[in-house]
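Below: one structure, written as structure tokens.
The values are calculated or read from the model by the stated rules, or taken from the named source; none is laboratory data. These numbers come from a predicted model, not from an experiment. Virtual Cβ from ideal backbone geometry, glycine too; neighbours counted across all protein chains shown.
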Amino acid sequence: MKKIILTIGVVLLAFGSVQSQEKKEKKATFATQILHNSVAGFYPIFFGNFETNKNYDITIYSIFWTNPSFGNLASGSDLLLETGVGLGFKLLDKSLYVNPSLGISHGKFSSDSKGTKIGEGLVPNLFVAYNKGLFDFEGYIAYYKSLREDDDIKTKDFLLNWAAPGINVSKRVVLGAYYESFGITRQESGDPLLIYRWLGGSLKLRFDKGISFRVSAGATLKTEAGTADDFYKVAAFIPL
């Protein structure tokens, strides 16, 4: 009888251990990134990541754009809110991360609507990161396509992209370049408009627990919207 009880106990312990390991393998993580640049101003982003037993993770994000010109300029209301879901792929022994996502924008950013529009636009986007040996790279592209087209509302579409190639000077420091451009690709009230195109230097610092801080600055190569000749951008990534 004692042997039977002992055997059952061992089996239960083994089963519990396997279940515990399975739970540990499937993590759900959350992080925030706080950014500020010379055109968009301050805007925080929240990221969520759910591990699966496949070769990809399920990702979610929300961007809280706080610039009054991205909504109702006079009152600072109806601001652009961007929410999305995607897949995160870890490739090349986890040195390459590819994260395609599909976002939805809310507010009045893509139109001259008088107030907030839920599901105002669609935002397909792609984030890529690579880090191995000397090389460190991060890049992003997003297309803001207007969806809420009414007869009395004029709409426009936008394209945002940036790239930050760098060299790992040490475990903590990455030195490199920074490029970013943003423009209107289509608008009913006029021609396409390049709002800015930046090129400059970048410094990224890595801290413990996955925290990183990047500062970029340089010159505006071309603008059709009267933006300044210089630019700056800071970004702090903080896992929670």
Checklist entry - So which pairs qualify, if the first residue must be in the range 30-43 and closer than 14 Å to PHE213 by Cβ and in a strand (DSSP E or B), the second must be aromatic (Phe, Trp, Tyr) and modelled with pLDDT of 90 or more, the Cβ gap must be under 6 Å, and the two must be at least 6 apart or on different chains? => result ALA31/PHE47; THR32/PHE46; GLN33/PHE237; LEU35/TYR43; HIS36/PHE42
Checklist entry - Between a first residue in the range 193-209 that is closer than 18 Å to ILE238 by Cβ and a second residue that is buried (at least 18 other Cβ atoms within 10 Å of the Cβ) and of a type outside the set (Asp, Glu), which pairs have beta carbons less than 6 Å apart while being 6 or more apart in sequence or on different chains? => result LYS204/VAL174; LYS204/ARG214
Item to check | Count of residues meeting criterion [crowded, with 16+ Cβ neighbours inside 10 Å, aliphatic (A, V, I, L, M) and under 27 Å from LYS94 (Cβ atoms)] in the range 137-155 | outcome: 1
Checklist entry - Do we find a residue being at pLDDT below 95 and loosely packed, with under 14 Cβ neighbours inside 10 Å anywhere in the range 35-49? => result yes
Next on the checklist: Taking the criterion of being closer than 19 Å to LEU80 by Cβ, surrounded by fewer than 21 Cβ atoms within 10 Å (Cβ to Cβ), acidic (Asp, Glu) and over 20 Å from the mean Cα position of the chain (by Cα), would at least one residue in the range 156-173 satisfy it?
Outcome noted: no
Checklist entry - Looking at (1) in a loop (DSSP other than H, G, I, E, B); (2) in contact (Cβ under 8 Å) with a residue 12 or more places away in the chain; (3) more than 23 Å from GLU82 (Cα to Cα); (4) not acidic (Asp, Glu), can you tell me which one GLY226 breaks? => result (2)
Checklist entry - If you take the residues in the range 206-233 that are surrounded by 14 or more Cβ atoms within 10 Å (Cβ to Cβ) and among the hydrophobic types (A, V, I, L, M, F, W, C), which one is nearest to the chain's Cα centre (by Cα)? => result PHE213
Item to check | Residues (charged (D, E, K, R), closer than 19 Å to GLY76 by Cα and assigned to a strand (DSSP E or B)) located in the range 89-147 | outcome: LYS117, GLU120
Checklist entry - Given PHE182, PHE127, PHE137, which one is among the aromatic types (Phe, Trp, Tyr) and modelled with pLDDT under 95? => result PHE182
Checklist entry - For residues in the range 91-124 being over 20 Å from ILE45 (Cβ atoms) and of a type in the set (Asp, Glu), which is modelled with the lowest pLDDT? => result ASP112
Checklist outcome for this item: Condition set part of a strand (DSSP E or B), aliphatic (A, V, I, L, M) and at pLDDT 90 or above, scope the range 211-223, selection nearest to HIS36 (Cα to Cα): answer is VAL215
Item to check | Qualifying residue in the range 117-129 (condition: touching a residue at least 40 places away in the same chain (Cβ under 8 Å), buried (at least 19 other Cβ atoms within 10 Å of the Cβ) and either among the aliphatic types (A, V, I, L, M) or on the phi > 0 side of the Ramachandran plot (or both)) | outcome: yes
